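Rule-based calculations on the coordinates, nothing more; no lab input. None of these values were measured; they are calculated from a predicted model. Please note: Cβ atoms are built from the backbone with ideal geometry, for glycine as well, and neighbour counts cover all protein chains shown.
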Amino acid sequence: MSRLVQPEEGELKLNGLRIHYFEWKGHGERPLVLLHGLRDYAYYWQDCANRLLDDFHIWAYDQRGHGESEQAPGGYLVWALAADLTAFADAVGLDPFDLVGLSLGSRCGMAYARENWPRLKHLALVDMGPQMATRGARGLKEDMTAKADVPPSSFTHEEAMAFFQKQWPTLDAPSVGRLIQNALVQNEDGTYSNRYDRRLADITTKAAIPEIPFLWESLTKIQCPTLVLRGEHSHILDDEISGRMVESLPNGRPYVFADTGHSLPRLRPEEFAYVLRSFLLDEGP
């Protein structure tokens, strides 16, 4: 994939917030929405989207408080995230469509599909459940709450390029440049900082506890085919929680990526795209 398709982009006013989105158009016509994780951004999906364009027409938006979308004084719990997805699907006319959610996007997907599963052909929940494995939950809370209390780190454009090129060796130079714009914000002194609302730390504290029983119950109501994907060595979604998820889903199935961690589309790009395409096209896994 030396020459990657660049997405078109736009903005919508959803639930009082300005929401920025990308749209990848290829040969495929099946509508597919990709939801990023906590502290990530819509352009995270550039590699994955390019691997799926023969079959799918793809949208990804910066969830509230992330990337180039507006920050949300009203908060970031799953009810708000799901309401944004409902408004987005309505605004661009998606019905029915396939939905893939990674990490925080998985939690949004569960909340959305609770009532809206008839609008979904398939749902893929990627390495996040209604609750996190204890080790991952503790580590994420410590990291997020610490970063909420200190000034954001800053780095040069060259440092940002080097970091993202190492993180995403499959991306070409134009894609890395656009990723920097989506993931980072330029400071007055010309340096860059991560582009996300630091109040997102709230969802790793007690404020998010009511989400857990709500999301477990949500799984029991989702009738569409649902794939639960996890990394074998993930600290976020372990075997016990993912197994319970599959048992709770009326039409659920598991897939485990061997010898890898949480960020599956980045760590296993070829396998992830293959497994996802097979599931969405009813060819497996």
Volume per residue (Å³) of the convex hull spanned by the alpha carbons of segment 161-215 is 128 Å³
In order over segment 192-203: 3J(HN,Hα) from phi, Karplus 6.51/-1.76/1.60, θ = phi - 60°, whole Hz, x for each Gly or Pro, gives 10, 9, 4, 9, 7, 6, 5, 6, 4, 4, 4, 7
Counting lysine pairs in the chain that sit 8 or more positions apart or on different chains, with Cα atoms under 20 Å apart, gives 4
Treating only Lys and Arg (+1) and Asp and Glu (-1) as charged, each at its beta carbon, one finds that the chain has a dipole about its Cα centre, in Debye to the nearest 20, of 440 debye
Karplus ³J(HN,Hα) for segment 159-170 (6.51 cos²θ - 1.76 cosθ + 1.60, θ = phi - 60°; Hz, whole; x = Gly/Pro) runs 5, 5, 4, 5, 5, 6, 5, 6, 5, 10, x, 7
Karplus ³J(HN,Hα) for segment 65-71 (6.51 cos²θ - 1.76 cosθ + 1.60, θ = phi - 60°; Hz, whole; x = Gly/Pro) runs x, 10, x, 9, 8, 6, 6
Here the relative contact order (percent) of the chain, from C-alpha pairs under 8 Å and at least 6 apart, is 19 percent
Among Phe279, Val126, Leu12, the residue whose Cα sits farthest towards the positive end of the charge dipole of the chain (+1 at Cβ of Lys and Arg, -1 at Cβ of Asp and Glu, taken about the Cα centre) is Val126
note: the chain, Cα-Cα separations exceeding 31 Å make up a percent value of 21 percent
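What number, in nm² with one decimal, is the all-direction average of the projected area of the convex hull of the alpha-carbon atoms of segment 178-285? Write out the running numbers ahead of the final one.
Numbers: hull surface 37.6 nm².
The directionally averaged projection comes out at 9.4 nm².
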Residues meeting the amide H criterion for Tyr196 (H placed from the backbone, H to H distance under 5 Å, 5 or more places apart or on another chain) are none
